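Peer 1: My questions will all concern the structure given below.
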Amino acid sequence: MASTDGAPHTADAVGAPPAVEQVKQAAKEQQIDPYNVSGGVDENGNVTAIDYEALRERFNTPALTQEHLDRFERVTGKPPHRLMRRKLFFSHRDFDKILDYYEKYGFFLLYTGRGPSSGSMHLGHAVPFLFTKELQDIFDVPLVVMLTDDEKFLYTRNKNQGKITKGAALGDFIEYAHQNCKDIIALGFDLKKTFIYTDYEYMGGHFYQNITEFEALLTNNQIRGAMGFDGSTNIGLNAYAAKQCVAAFASSYPTLFGAGDFRAPTYEEPRPRKHIAAIPTLIPCAIDQEPYFRLLRENCDRMEFPAPKTALILSKFLTALQGSGGKMSASDPNSAIFMSDTSKQIEKKINRFAFSGGGATKEDHEKYGGNPDVDVAYAYLSYFLESDDELIEIEQSYRKGTLSTGELKKRCIQELQKFVEAFQERRSKVTEEIMREFMTPRKLEFKGNPNATASIEDAVSEKKPEEKQENTSGKLTKGERKALKIAEKKAEKLALREKGPEGEQPKAEES
Ligand code: TYM
């Protein structure tokens, strides 16, 4: 199947998380990390819904509360996005601190990304970008989007034990990244404030200096613990985490703030500027990416030019069509709705595959009502339907049984078709030239908070004002330290097991 411009996105999708069927056979406890997203399996062999509260506890990430929402509204003068109102973005790290910083200094850096495993993104991938666009509009701040063509190449090669497979040559990932870049642009980002790049194309200069510095701070055990890797994981994938982490540092992109970078032929600025390094960052993403950023936060203040601890705002997963035990997966076309799907395909997928919380028969449904908590069409509406009133009305009438499954699916189909059609209309206008503009490093133009007590110019100017010298990085929280310890212990155990009972014998592939 081809995406709007011919790039493969389904059968050829690579490096994506396991599809729902595979998850069913493999999982016991729920497993969530950047490379695995699956609910648990109960004693009857049924996949259970992802337990986000248990996950929050395990990762030790605080809940996003009504207080945060109120404060957001006070600081920005705008109501929070529906994804925040409905607690689909449900957890965070230091979200309050980023609001403090914005009030005082007037801006911060937004950073998010995409691993281009296929030529078209699916609706789940669009979720953090929709939210990020809203944040960019409201805060009027710069944004960097990292397209990790290198990560997806390494991950796929690792999965295929080094073999070259169809649709997974190195160049294919660069092509997917370009197609995904156009998808992201079509979600409405402002060129003046946005820099999008692929790792293969942009890496070098201060970015690469930050990478090696960060690589020097991470141990194999930490990476294994956080990502579930072992000794047979290729070395590129082990090292990749440093790249995704330092992409959060403003000092990896001096050009965006009007400074020089260390690149041929000018070799300006051999090391990052301190005051650019001090610009804080907020990352919107789903909670699968949190393990990277735990490592990041632990090491921000260990850099030669320290950065404040990166703030995070974390979402739940837009569920697979089959239900809430997995997320949409690019490797299983029937689990996901792609941004390149036609209206007919959307209708067919929802009608045929979307798990229903309705009664077994029409009579049962009318008598006992339906269950919106497990209903996929209802879940999708909660992400894409703007009106809170209508959503509540749908929820209540479905519970009562006055709204049928067919009617609920119909409403969901209408809303998704509207969203995807409007997206495709904008996507068809994103030319190669527009894409190149977004991908050109240049000074970004943003205004930030007009009521800030210190100006953006102060914050990024050559002379760093006194007040910027305060170290906002602080120490790890108790929860973060605990989560790290657990992950490291796990990795150490794994390493010991690999060495065998005597703790000496390396595995065959390591010798
Ligand atoms: P990737 O391509 O797996 O996912 C891209 C973004 O989409 C989020 N996401 C989802 N959100 C809601 N529902 C879903 N079903 C769903 N599936 C994926 C992911 O959390 C992510 O935010 N390694 C990263 C690329 C990356 C990145 C980053 C992501 C590099 N730097 C900074 C976030 C922030 C990846 O492969 O994402």
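The values are calculated or read from the model by the stated rules, or taken from the named source; none is laboratory data. Predicted model, so just to flag it, every value in this text is computed and none were measured. We place every Cβ from the backbone using ideal geometry, glycine too, and count neighbours over all the protein chains shown. These accessible areas exclude ligands, DNA and RNA; they are computed on the full protein's heavy atoms, side chains included. Shrake-Rupley method; radii C 1.70, N 1.55, O 1.52, S 1.80 Å.
Peer 1: Once ligands and nucleic acids are excluded and a 1.4 Å probe is used, how much of TYR101 is accessible, expressed in Å² to the nearest 10?
Peer 2: 30
Peer 1: In addition: For the range 343-423, what is the accessible area per residue in Å², given a 1.4 Å probe and the full set of protein chains?
Peer 2: Here the per-residue accessible area is 53 Å².
Peer 1: If you don't mind, another one. When a/c is below 1.5 the answer is rounded, else prolate if a/b is larger than b/c, else oblate, so apply that to the range 175-244 with a ≥ b ≥ c taken from the square roots of the Cα gyration tensor eigenvalues.
Peer 2: Prolate is the answer for the range 175-244, as a/c is 1.5 or above and a/b outweighs b/c.
Peer 1: Follow-up. Leaving ligands and nucleic acids out of the surface, order ARG114, ARG426 by accessible area at 1.4 Å, largest first.
Peer 2: ARG426, ARG114
Peer 1: Further question on the same structure: Spin-label point model (7 Å from Cα, Cβ direction): what's the GLU57 to THR431 distance in nm?
Peer 2: Taking the simple label geometry, GLU57 and THR431 are separated by 5.6 nm.
Peer 1: Over the range 343-423, what is the relative contact order in whole percent, taking alpha-carbon pairs under 8 Å and six or more residues apart?
Peer 2: That works out to 35 percent.
Peer 1: Using a Förster distance of 25 angstrom, determine the FRET efficiency expected from the C-beta separation of THR76 and THR440, and round it to 0.05.
Peer 2: 0.30
Peer 1: Let me ask something else. Which order do ASP373, ASP149 take when ranked by solvent-accessible area (1.4 Å probe, heavy atoms of all protein chains), largest first?
Peer 2: Correct descending sequence by accessible area is ASP373, ASP149.
Peer 1: At a Förster radius of 35 Å, what calculated FRET efficiency corresponds to the Cβ-Cβ distance of ARG352 and ASP389, to the nearest 0.05?
Peer 2: So the FRET efficiency works out to roughly 0.70.
Peer 1: Also: Between ILE138 and GLU304, what is the spin-label point distance in nm, taking each point 7 Å from the Cα along the Cα→C-beta axis?
Peer 2: With each label point 7 Å from Cα toward Cβ, the separation is 3.8 nm.
Peer 1: Quick one: with all protein chains in place, what share of the accessible area of the range 343-423 is carbon or sulfur, to the nearest percent (1.4 Å probe)?
Peer 2: Carbon and sulfur: 52 percent of the exposed surface of the range 343-423.
Peer 1: In the range 279-299, whose amide N lies under 12 Å from the spot 7 Å out along Cα-to-Cβ of GLU67? List them in ranges.
Peer 2: Counting backbone N atoms under 12 Å from the label point, the list is empty.
Peer 1: Sticking with this one: Decide, for the range 343-423, between rounded, prolate and oblate: order the square roots of the alpha carbon gyration tensor eigenvalues as a ≥ b ≥ c, take rounded if a/c falls under 1.5, and otherwise choose prolate if a/b is larger than b/c, else oblate.
Peer 2: Taking the square roots of the gyration eigenvalues as a ≥ b ≥ c, the range 343-423 is oblate.
Peer 1: Now for a different question. Calculate, in nm to one decimal, what ARG399 and TYR267 gain on full extension: separation in residues at 0.36 nm each, minus their alpha carbon distance.
Peer 2: Between ARG399 and TYR267, full extension yields 41.0 nm more.
Peer 1: Where does each of 211-217, 304-310, 179-185, 388-394 land if you order them by average Cβ count within 10 Å, highest first?
Peer 2: 179-185, 304-310, 211-217, 388-394
Peer 1: So if the hydrodynamic radius of the range 305-388 is defined as the Kirkwood radius over C-alpha pairs, what does Stokes-Einstein give as its diffusion coefficient at 10 °C and 1.306 mPa s, in µm² per second?
Peer 2: D = 106 µm²/s.
Peer 1: Shifting gears a bit: Placing +1 at every Lys and Arg Cβ and -1 at every Asp and Glu Cβ, with all other atoms neutral, what dipole size does the range 343-423 have around its Cα centre, in debye to the nearest 20?
Peer 2: It comes to approximately 500 debye.
Peer 1: Step through the table entries LYS152/LYS193; LYS78/LYS133; LYS348/LYS410; LYS104/LYS447; LYS87/LYS447, compare each Cα-Cα distance with 19 Å, and write down the pairs that go over it.
Peer 2: Going by Cα-Cα distance, LYS152/LYS193; LYS87/LYS447 fall outside the 19 Å limit.
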